[in-house]
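The values are calculated or read from the model by the stated rules, or taken from the named source; none is laboratory data. Keep in mind it's a predicted model, so treat the numbers as computed, not measured. Note that we place each Cβ from the backbone using ideal geometry, even for glycine, and neighbour counts take in every protein chain shown. Areas reflect the complete protein model, heavy atoms only, side chains present, ligands, DNA and RNA absent. Shrake-Rupley method; radii C 1.70, N 1.55, O 1.52, S 1.80 Å.
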Amino acid sequence: MISYPLIKPKYYWSLINDLSTFIVSPKYKTVQEKSKRNKVYDTIGLFLIKVVFSVVVASLLQFIYDPENLTSTSMAERFSPLLLLLVGGIVLPLFEEITFRLSLKFNPSYLALTTGGFTYYILTKAVFKSRLSLVDDTFWYRVISTIIIVLIAYVVCSRKTVNVNAQRFWERHFRMIYYLSCLSFAWLHIFNFELSLVNLLWMPILTLPQLFSATIAGYTRVAFGFQYPLLVHMITNIFFLSLTFLPFD
């Protein structure tokens with residue numbers, strides 16, 4: 001008999017319990033006992049939980065404090081609807097998952113790519129005050145600098161001594177690495193808004209949906225594999241971007 005866990009309320013409580021347990025005590029190991037099918041079910045279930053949480057928080061913020069999202073406005077002005085879905089729904093989620101989640105499992109290639117992602121992010125947001133998806137006068141400088149950093153990081157991390165010590169560090173300090181990944185992903189989204197004192201004070205609340213997303217993405221990345229949070233991130237972005245096309249005032 002075929003089981004459909006997604007229609008069972010108890011299933012969602014089980015997912016919340018597993019996620020909560022991981023958040024409190026993150027484990028640096030892949031879940032081996034789950035089949036690929038069950039991992040897909042769990043990923044979809046966590047996605048639905050995240051959507052509900054994000055909608056509730058966003059709805060509450062509209063009544064309390066709702067600053068303009070400059071990134072969404074900028075992208076909507078620069079891209080056609082189809083290109084907006086491509087960039088915002090596929091390219092940027094891939095970039096963010098590589099930057100914030102890929103190297104939760106240590107590997108020289110993963111860490112090099114993550115280092116490159118942070119380099120591009122910092123150059124774009126902090127140094128040139130630009131947009132991740134904006135092809136301006138600084139774009140190729142940002143891209144070339146990032147490629148150079150990726151190559152250097154890979155060469156350094158591939159050295160046997162560095163590789164062994166880094167692997168040991170990841171296993172011993174995974175809790176800290178996981179929490180830093182979640183917080184950096186969430187709080188760097190403050191650049192989506194005007195960097196005013198008020199917005200900075202509201203940062204923990206404004207970025208709460210991203211923080212919750214990061215805890216789920218980090219959990220599924222480590223427990224199931226990189227492809228699972230990547231697909232969830234893409235689906236989430238495409239879903240919310242699609243809502244902006246609806247004829248609501």
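Just one of the listed residues (Lys105, Lys125, Lys129) is in contact with a Phe, Trp or Tyr (Cβ under 6 Å, 6 or more places away or on another chain) and not polar (S, T, N, Q), and it is Lys125.
Here Tyr141 does not qualify as surrounded by 14 or more Cβ atoms within 10 Å (Cβ to Cβ), without any contact (Cβ under 8 Å) to a residue 60 or more places away in the chain and among the aromatic types (Phe, Trp, Tyr). Within the range 100-141, being of a type in the set (D, E, K, R), over 15 Å from the mean Cα position of the chain (by Cα) and within 16 Å of Leu188 (Cα to Cα) holds for Lys125, Lys129, Arg131.
Candidates in the range 195-238 are the residues that are under 16 Å from the mean Cα position of the chain (by Cα) and in a loop (DSSP other than H, G, I, E, B); of these, the one that is surrounded by the fewest Cβ atoms within 10 Å (Cβ to Cβ) is Gly225. Restricting the range 27-37 to residues that are surrounded by 14 or more Cβ atoms within 10 Å (Cβ to Cβ) and out of contact with any helix residue (DSSP H, G or I) (no Cβ under 6 Å at 6 or more places or on another chain), which is modelled with the lowest pLDDT? Residue satisfying both the conditions and the ranking: Lys34. Checking each residue in the range 149-194 for being outside any helix (DSSP H, G or I) and touching a helix residue (DSSP H, G or I) at 6+ places or on another chain (Cβ under 6 Å) picks out only Phe193. Within the range 38-68, the set of residues being open to solvent by less than 50 Å² (accessible area, probe 1.4 Å) and part of a loop (DSSP other than H, G, I, E, B) comprises just one member, Pro67.
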